[in-house]
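The values are calculated or read from the model by the stated rules, or taken from the named source; none is laboratory data. The structure presented is a predicted model; accordingly, all values stated were derived computationally and were not measured. Cβ coordinates were reconstructed from backbone atoms using ideal geometry, including for glycine residues, and neighbour counts include every protein chain displayed. These area figures cover heavy atoms from the full protein model, side chains too; ligands, DNA and RNA do not enter into them. Shrake-Rupley method; radii C 1.70, N 1.55, O 1.52, S 1.80 Å.
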Amino acid sequence: MKILIIEDERVLAESIRTYLEAEGNLCELAADFDEAWDKTGLYDYDCILVDITLPGGSGLEIIRKLKADHQRAGIIIISAKDSIDDRISGLELGSDDYLPKPFHLAELNARIKALVRRNQFGGSQEVHYREIRVRPGEHEVTVADRPVRLTRSEYDLLLYFLANPNRVLTKEAVAEHLSGDQADLLDSIDFVYSHIKNLRKKLTGAGARDYIQSVYGLGYKWAAV
Amino acid sequence: MKLLQRTSRYYLAFSAVAFLLTGLLLFTGLRYIIDEELDDQVADASVRLDAYLAQLPAVPDTFYQLDAVITTAPIERVTGSFTFSDTVFFEPIEGEMEPYRRVVYDREINGQPYRITVSRLKVESEDLIVVLFGVSMAFFGLFLLGIYVLNRYLSLRLWQPFFGALTQVQRFDVKRKTVPVFPPSDIEEFERLNTALRSMTEKLRRDYHSLRQFTDNASHELQTPLAIMRNQVDLMLQSADRSETDFAHLQHLSEALDRLKKLNQALLLLTRIDNDQYEQLADIELGPLLRDKLGQLEVMLEQKGLLLESDLRGTCVRAHPVLLDVLLNNLLSNAIKHNVAGGRVSLTLQNRTLTVGNTGLPLAENGTERLFERFGKGDADNQSLGLGLSIVGEICKRYGYDIAYENRGQWHEVTLSFDVRNDALATRWLNPGNLQS
């Protein structure tokens, strides 16, 4: 996948690039409004990450142009300006998602994958990991072709793991993902363990291998041992 | 006590004293003058009395002359001149003692010295004094009444600017955009008051605004460094060659970052509520929303082994969806977070009142007072931020919901009533323009 990162904070942009390129993506950076304007005009991307406050202009302006050009790229706003107005006007302009800073790189990665799935495959693309298959369009999970019934949280958790295989995911990152967009003040870290336990039980119960590894007290990692 | 009452009281006390003194003065003065007059009359008449007595064959002991009683007594020799005094005699007709004015003097009549006593009835002059006294007192009373009425009228009229300013100050809310108006007054003191109030409210508004701006900016600016730190931790975690101690350090770092992020998020939310960024209202049915939330929290309930009792009847409230969401999340997660293993959570929604009850450790003393304050924790060393209930309080204040907390030993209960009347008030509150009328 080709991804454009429009972000004026160099260190942040680099860390995003490092994480995403480890997945085999190709990333380009744009550090200010003009650079972003030029790159979006010249090249095609699968996904564009846009910071709203940029030197030289507003990221919203770029989104407006992209939509006017009927670019097929999925757009995710990554912004420190987490005000309702920005979120609403960003989504109204046609951005596909909104991720307020600070965010976990794993979360960003999962969102990019979900977005590209929706955008380019109409959500019909299967996600699979060995014997486990997920059809995001139908919310269907099978283990070796046998269906497994998961709750919404367990399903979200599974997709999150499958989007970030072989990565260490902190409990905080998992909790934030599960408590959703609202990311409220719920002290949700405590119940991550319960969700993981339930998911693991259901998958292994259906005959899958146990891929969820605990990483010290820190978090979890989805990997085949 | 009202100022008018207080000043009237002083006026009245002063008037009463002045009144009494004047009365006393008037009374004694009149009396003195009248006595003097009587005495003069008697002294003048004494010459004629002497001539009359000298004509008589013998000087009588006692005799009556109109309203005077005259007695004579022979003495050795003439000593003093006129002496005056008051006395009383029994009046057989009226059957009571009556006041008399007595004049005593010595005089030689036909070569024999006599002591002559003339006593004149004083009733008439006494009546005169009483009438005069009464009239002046009545006049004085009327005067007082007049002053009182005038005072009342004046204070209503003259103090008008003061009461106007008072109302403005009472209505003043530092968070609201409307500026209080203190109309100019041509009374110097009130104008001074207005000027002082004007500059004070303006300063308050400015200070509050800059403080709010600061919090807003600070929490916004914090987001980027937080994002950088978090992403760096994320990247460090992905390296394969980390030792267990590295992971332990990273874990602490990650947890601290998470707390910092939540704190910042809460502060942002509070400033956003203050900044009126949640203005659009929607009618929201609480029952389904609560059931949905409980579904999400099921795992947490299960993990703590909590028993949930819920009785949810239809209740619709008008609020911003995000704020209502935050409100319910905070209440519900508090009920779970501060619960004890194997405890109970009860949820009742009826008559536009939501009651969230839960078992938990008893609160420390005075804990309830600071419950809805920012960073007010019931328990100083727990991990919570102490912002959750302050956000709840802020949202309730915004929408005019009535919130009450009650703690009976192991049972904690938060009661929220979504009152209709307050709802309307809150809507008005959100549109400050309406308040100008």
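Quick rundown of the values:
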{"read-out": "In the range B:1-35, residue modelled with the lowest pLDDT [restricted to those that are aromatic (F, W, Y) and within 26 Å of B:F163 (Cβ to Cβ)]", "value": "B:Y11"}
{"read-out": "The range A:8-32, residues that are open to solvent by 10 Å² or more (accessible area, probe 1.4 Å) and assigned to a helix (DSSP H, G or I)", "value": "A:R10, A:V11, A:E14, A:R17, A:T18, A:E21"}
{"read-out": "Among the candidates B:A266, B:A335, B:A341, residue that is open to solvent by 10 Å² or more (accessible area, probe 1.4 Å) and not in a strand (DSSP E or B)", "value": "B:A341"}
{"read-out": "Of all residues in the range B:235-261 being loosely packed, with under 13 Cβ neighbours inside 10 Å and within 13 Å of A:V168 (Cα to Cα), the one that is farthest from the other protein chains (Cβ to nearest Cβ)", "value": "B:D241"}
{"read-out": "Qualifying residue in the range B:286-300 (condition: polar (S, T, N, Q), open to solvent by 30 Å² or more (accessible area, probe 1.4 Å), closer than 18 Å to B:N334 by Cβ and in contact with a strand residue (DSSP E or B) (Cβ under 7 Å, 6 or more places away or on another chain))", "value": "no"}
{"read-out": "Residue that is most open to solvent (accessible area, probe 1.4 Å) [pool: residues in the range B:217-233 that are at the interface with chain A (Cβ under 7 Å from one of its Cβ atoms) and at pLDDT 90 or above]", "value": "B:Q232"}
{"read-out": "Criterion violated by B:L142 - all others in (1) surrounded by fewer than 12 Cβ atoms within 10 Å (Cβ to Cβ); (2) assigned by TED's automatic domain parsing to the domain that holds B:L38; (3) not in a helix (DSSP H, G or I) satisfied", "value": "(3)"}
{"read-out": "Residue in the range A:51-70 that is under 30 Å from B:S239 (Cα atoms) and not in a helix (DSSP H, G or I) present", "value": "yes"}
{"read-out": "Test result for B:L211, modelled with pLDDT under 90 and under 30 Å from A:I16 (Cβ atoms)", "value": "no"}
{"read-out": "Enumeration of residues in the range A:195-214 that are within 14 Å of chain B (Cβ to nearest Cβ) and either modelled with pLDDT under 85 or over 30 Å from B:N264 (Cβ atoms) (or both)", "value": "A:K197, A:N198, A:L199, A:R200, A:K201, A:K202, A:Q213"}
{"read-out": "Condition check for B:D61: under 29 Å from B:V130 (Cβ atoms), of a type in the set (D, E, K, R) and open to solvent by 30 Å² or more (accessible area, probe 1.4 Å)", "value": "no"}
{"read-out": "Filter pass, A:D51 being assigned by TED's automatic domain parsing to the domain that holds A:V116 and farther than 16 Å from A:V116 by Cβ", "value": "yes"}
{"read-out": "The range A:137-172: number of residues that are without any contact (Cβ under 8 Å) to a residue 40 or more places away in the chain and open to solvent by 20 Å² or more (accessible area, probe 1.4 Å)", "value": "8"}
{"read-out": "Residue match in the range A:58-73 (condition: closer than 22 Å to A:E172 by Cβ and at pLDDT below 85)", "value": "no"}
{"read-out": "Pairs, first over 14 Å from A:L12 (Cβ atoms) in the range A:44-57, second among the aromatic types (F, W, Y) and open to solvent by less than 20 Å² (accessible area, probe 1.4 Å), C-beta under 8 Å, six or more apart", "value": "none"}
{"read-out": "Unique residue being closer than 28 Å to B:L30 by Cβ, exposed (fewer than 14 other Cβ atoms within 10 Å of the Cβ), of a type in the set (V, I, T) and in contact with a strand residue (DSSP E or B) (Cβ under 9 Å, 6 or more places away or on another chain) when the list is B:V88, B:V69, B:V131, B:V104", "value": "B:V88"}
{"read-out": "Candidates B:F214, B:F190 - the one that is over 18 Å from B:D274 (Cα atoms) and either open to solvent by 70 Å² or more (accessible area, probe 1.4 Å) or assigned by TED's automatic domain parsing to the domain that holds B:K262 (or both)", "value": "B:F190"}
{"read-out": "Complete set of residues in the range B:107-117 that are open to solvent by less than 60 Å² (accessible area, probe 1.4 Å) and at pLDDT 85 or above", "value": "B:P113, B:Y114, B:I116, B:T117"}
